[in-house]
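Coordinate-derived values only; no laboratory data. The model shown is predicted, which means the values in this text are computed figures rather than measured ones. Cβ placement follows ideal geometry from the backbone for every residue including glycine, while neighbour counts extend to all protein chains displayed.
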Amino acid sequence: MIQLIRGFKDILPGEIELWQRIEAEAKSLFEAFGFREIRIPIMEKTELFKRSIGEETDIVEKEMYTFADRGGEMVTLRPEATASIVRAYIQHKLYAADPVQRLYMIGPMFRRERPQKGRYRQFTQIDAEIFGVASPLADAQLIFLLVTLFARLKVADVEAHVNSLGCPACRPDFRAALQAMLTSVGGSLCADCSRRRERNPLRVLDCKVPSCRAALAGAPSILDHLCRECRRDFDELQAALSGLGVGYRVNPRLVRGLDYYTRATFEIQTGALGAQSAVAGGGRYDKLVKELGGPDLPATGFAIGFDRLAEIAGVGAAGLQPRPDLFLAALGPESRSLAFDWACRLGRDGVRVEMELGEKSLKSQMKTADRLGAAHVLMVGETELNDRAALLRNMQTKEQIRVPFEGLAERIKTLLDAR
Ligand code: HAM
């Protein structure tokens with residue numbers, strides 16, 4: 001049989017309840033903080049990702065699903081959401097009414113990485129972006145949101161890492177210092193890093209190859225090279241986090257895998273996922289809106305790896321499975337046709353209702369009701385047809401009452417609503 005593509009996955013009933021719970025928690029939290037949902041296409045012109053994420057990144061160099069469509073245009077399945085949200089912000093002039101926009105989206109992303117635990121080729125992100133706010137309080141608010149969401153979902157073993165990547169005024173200084181150091185350890189770098197050393201040395205700090213990690217042990221820290229404004233913002237971010245009671249660790253190696261960042265970057269890391277330690281990552285990208293053709297407006301944001309979050313959430317899917325309020329057990333064609341009519345009416349009115357549509361013994365129907373965990377069973381067979389009243393059993397207390405056929409659906413709804 002044809003199996004799904006490697007690195008892709010199905011999310012089945014039984015797991016989906018947890019996904020729905022996470023999604024609902026995220027949405028309610030975002031909305032409380034003034035975020036509004038935006039839906040963006042799954043595919044964009046390849047150029048958009050090249051220009052925003054950066055040509056010398058793993059994502060653009062090796063991981064994008066890029067192809068010429070039938071008209072010959074180069075298109076790419078989105079590997080992340082920020083580029084598209086920035087494009088939409090500019091294209092629809094969302095800044096015109098108010099440059100400050102808080103936007104979020106939840107949806108699939110595509111990166112052709114080597115699949116392993118916590119790493120997939122199609123994965124889902126929960127992404128949030130704040131446009132038009134230069135204050136580091138926006139970064140602090142985003143980190144606070146992440147920490148709050150993770151606490152609500154009972155995620156244990158997570159730590160916020162923060163760093164500053166400086167700005168065009170101070171980064172060249174750090175870049176030069178790093179480059180000098182990389183030249184001195186040249187021989188021990190992997191092929192990618194040797195190549196990137198000249199054009200994009202910061203990427204080397206992000207390399208996961210053990211020999212590169214070892215070679216970088218004595219690398220200079222960006223934090224020693226920040227200009228006054230970057231230093232001030234980074235201090236303010238830390239003060240805001242401390243004020244909010246958010247624990248964090250300053251990690252000067254946190255350069256992130258995308259080139260658009262300036263100043264604050266952050267990740268939520270966990271020890272629970274083996275090599276895939278980042279459950280969420282983000283930061284400020286104050287130059288990107290302008291670089292992509294928009295006004296000179298700052299922005300900051302994050303994305304959560306939904307799949308990873310679902311794997312470490314302390315709230316499990318168990319207990320989240322929906323149970324029917326009512327199971328209709330009918331014996332014989334006449335009862336079944338009555339029950340079918342009631343089931344459809346009750347379902348329409350929002351009662352969770354189930355019944356066997358085929359012919360089954362009463363015993364088998366009761367078994368199904370038990371398996372589904374139905375709160376009540378409504379039985380109708382020959383005796384009930386004669387009495388023109390069905391039997392309603394509360395499966396927990398075993399208490400039974402008779403409910404007349406006349407106006408049955410309405411009566412049942414009233415009875416169930418009263419509980
Ligand atoms: P990112 O760090 O590339 O950032 O991805 C964010 C999160 O997506 C990661 O921390 C991880 O949890 C999850 N993720 C990434 N790749 C995979 C994968 N192959 N399988 C499973 N999960 C994965 C961004 O994408 C930025 N757009 C975040 C951002 C928003 N920065 C500013 N605004």
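A few notes on this one:
- A Cα-only calculation for the range 98-251 places Rg and Dmax at 18.2, 51 Å.
- Sorted by Cβ density within 10 Å, fewest first, the residues ARG111, ARG39: ARG39, ARG111
- Signed unit charges on C-beta, dipole axis of the chain, positive-most listed residue GLY71, GLY118, VAL380: GLY118
- Expected 222 nm ellipticity per residue - DSSP helices of 4 or more, -39500 (n - 2.57), all of the chain, to 500: -11000 deg cm²/dmol
- Over the chain, the ratio between the Cα radius of gyration and 2.2 N^0.38 Å evaluates to 1.28.
- Percent of Cα pairs exceeding the 20 Å cut-off, where the set is the range 173-318: 58 percent
- Count Lys and Arg as plus one, Asp and Glu as minus one, and take only other residues whose Cβ is under 9 Å from that of ALA280; the net charge is then 0.
- Fraction of C-alpha pairs exceeding 14 angstrom in the range 17-62: 68 percent, rounded to a whole number.
- For the residue pairs LYS27/LYS50; LYS208/LYS290; LYS27/LYS117; LYS154/LYS208; LYS117/LYS208, alpha carbon separations beyond 20 Å are given by LYS27/LYS50; LYS208/LYS290; LYS27/LYS117; LYS154/LYS208.
- With Cα atoms as the point set, the range 253-305 shows a radius of gyration and Dmax of 12.9, 41 Å.
- Taking a sphere under 11 Å around the Cβ of ILE16 and counting the other residues whose Cβ falls inside, with K and R at +1 and D and E at -1, yields a net charge of -3.
- Contour excess over end-to-end distance, with Cα ends at LYS363 and ALA180 and 0.36 nm allotted per residue: 57.9 nm
- Hydrodynamic analysis of the range 299-354 uses the Kirkwood radius over alpha carbon pairs. Inserted into Stokes-Einstein at 4 °C and 1.567 mPa s, it gives a translational diffusion coefficient of 86 µm²/s.
- Only the Cβ atoms of Lys and Arg (+1) and of Asp and Glu (-1) were treated as charged; on that basis the dipole of the range 326-418 about its Cα centre amounts to roughly 280 debye.
- Dividing the C-alpha radius of gyration of the range 90-181 by 2.2 N^0.38 Å, with N its residue count, gives 1.45.
- Other residues whose C-beta falls under 10 angstrom from the C-beta of ILE222 contribute a net charge of +1, scoring Lys and Arg +1 and Asp and Glu -1.
- Shape annotation for the range 326-418: C-alpha extents along the principal axes are 31, 28, 25 Å, from largest to smallest.
- Partners of LYS367 within straight-line reach, counting aspartates and glutamates whose Cα lies under 15 Å from its Cα and excluding those fewer than 8 residues away in the same chain: GLU354, GLU356, GLU359.
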